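Reviewing the structure listed below.
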Amino acid sequence: MVKTLVVAVLVAVVILTECLFAYLVIPSRGELEKWSSEKVAKEAKSGNNGQERKHEGKPETEVDLGKYNVVVHHPASNVTLRVNFHLIGTVQGDDQKEFEELVSKNQHRLRDQAIFEIRNCQIDDLTDPGLALLKRRI
């Protein structure tokens, strides 16, 4: 009985110590919001807003990258899928002409890479409603 009580107290002390440590080390929501707003203000002041904000306000144009019909076979699950899609990308308006030249020169490489990514996807990636991982990979 005494051994059980000692073990229970020891486990409780360890758990409480871990909780206290986590409380002291992990920042609160308010601290994170404060840190984030300070970082944004600092970046805005220095003019370094990152790649995402570099093109804000500039018009984007959709570019047709082709239609694809790919057959994917997963031997582990004995499933064959037929994937049909129309690939469209977005390009900044002033880069459209250069992009179209590069696409015409590298059209086969782009097509090969898109088919490669589709064939290497897991079934879960293809059934994701937003196709987020697949979009990033392509």
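The single condition among (1) in contact with a Cys (Cβ under 7 Å, 6 or more places away or on another chain); (2) among the aliphatic types (A, V, I, L, M); (3) surrounded by fewer than 10 Cβ atoms within 10 Å (Cβ to Cβ) that A76 does not satisfy is (1).
Annotation: of all residues in segment 98-138 being farther than 15 Å from V70 by Cβ, within 18 Å of the chain's Cα centre (by Cα) and acidic (D, E), the one that is least open to solvent (accessible area, probe 1.4 Å) is D128. Can you name the residue in segment 82-95 that is at pLDDT 85 or above and not hydrophobic (A, V, I, L, M, F, W, C) and, of all such residues, is most open to solvent (accessible area, probe 1.4 Å)? Per the criteria, the residue is R82.
If you scan segment 1-48, which residues turn out to be among the hydroxyl-bearing types (S, T, Y) and open to solvent by less than 80 Å² (accessible area, probe 1.4 Å)? Within segment 1-48, S28, S36, S37 qualify. In segment 70-96, the residues that are within 30 Å of E60 (Cα to Cα) and in contact (Cβ under 8 Å) with a residue 40 or more places away in the chain reach residues that are open to solvent by 50 Å² or more (accessible area, probe 1.4 Å) and among the hydrophobic types (A, V, I, L, M, F, W, C) with C-beta atoms within less than 8 angstrom, at least six apart or across chains, in these pairs: V83/V71; L87/I138.
The values are calculated or read from the model by the stated rules, or taken from the named source; none is laboratory data. These numbers were taken from a predicted model, which means no experiment stands behind them. When we count neighbours, we look across all protein chains shown, and the Cβ atoms used for this are built from the backbone with ideal geometry, even at glycine. All accessible areas refer to the heavy atoms of the entire protein, side chains included, with ligands and DNA or RNA removed. Shrake-Rupley method; radii C 1.70, N 1.55, O 1.52, S 1.80 Å.
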